[in-house]
1. Would you please name the residue that is nearest to the chain's Cα centre (by Cα), looking only at residues in segment 71-82 that are among the small types (Gly, Ala, Ser) and open to solvent by 70 Å² or more (accessible area, probe 1.4 Å)?
2. Return the only residue of Asp85, Asp44 being open to solvent by 70 Å² or more (accessible area, probe 1.4 Å), part of a helix (DSSP H, G or I) and not aromatic (Phe, Trp, Tyr).
3. Return the pairs, sorted by first residue and then second, in which the second residue is open to solvent by less than 80 Å² (accessible area, probe 1.4 Å) and not polar (S, T, N, Q), the first residue lies in segment 66-91 and is touching a residue at least 12 places away in the same chain (Cβ under 8 Å) and over 14 Å from Gly40 (Cα atoms), the beta carbons are less than 9 Å apart, and the residues are 6+ apart or on different chains.
4. Just checking, does segment 50-67 include any residue being among the polar types (S, T, N, Q) and either part of a loop (DSSP other than H, G, I, E, B) or touching a Phe, Trp or Tyr at 6+ places or on another chain (Cβ under 8 Å) (or both)?
Amino acid sequence: ITQQYADGAIVHDEAGVTRDRTYADGWWAAHEFTVVDTGGLVFDDDAEHVFMPQIRQQAIVALRDAAVALLVVDGQAGCTPLDTDIADFMRRQRV
């Protein structure tokens, strides 16, 4: 969507790798929009991952500014319990 694979999103199996918001211009058909990639939402604060509350806050700020929010999950692995928690959380947001 944004053509910024090399310097855009950071995708990693470990939580806490992406800590801020990354913005990119996107387009689909005749529609132009801004894509905001955030760190993953994790709701169990763990002493080992001290940045989780701040990462979560960055995602909440992005949701507050959004007109539309999309949850992207691994289609091959299927939804995880965390994916379900995030979906429930996103349903409660005013987007």
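1. Of everything passing the filter in segment 71-82, Gly75 is nearest to the chain's Cα centre (by Cα).
2. On inspection, the qualifying residue turns out to be Asp85.
3. Ala66/Val36; Ala66/Val95; Ala67/Phe33; Ala67/Val95; Val68/Phe33; Val68/Val95
4. No, segment 50-67 contains no residue that is among the polar types (S, T, N, Q) and either part of a loop (DSSP other than H, G, I, E, B) or touching a Phe, Trp or Tyr at 6+ places or on another chain (Cβ under 8 Å) (or both).
The values are calculated or read from the model by the stated rules, or taken from the named source; none is laboratory data. Predicted, not measured: the structure shown is a model, and the values here were computed from it. Neighbour counts are summed over all protein chains in view; Cβ atoms, including those assigned to glycine, are modelled from backbone coordinates with ideal geometry. The protein model used for the area step is the full one, side chains on, heavy atoms only, and it has no ligands, DNA or RNA in it. Shrake-Rupley method; radii C 1.70, N 1.55, O 1.52, S 1.80 Å.
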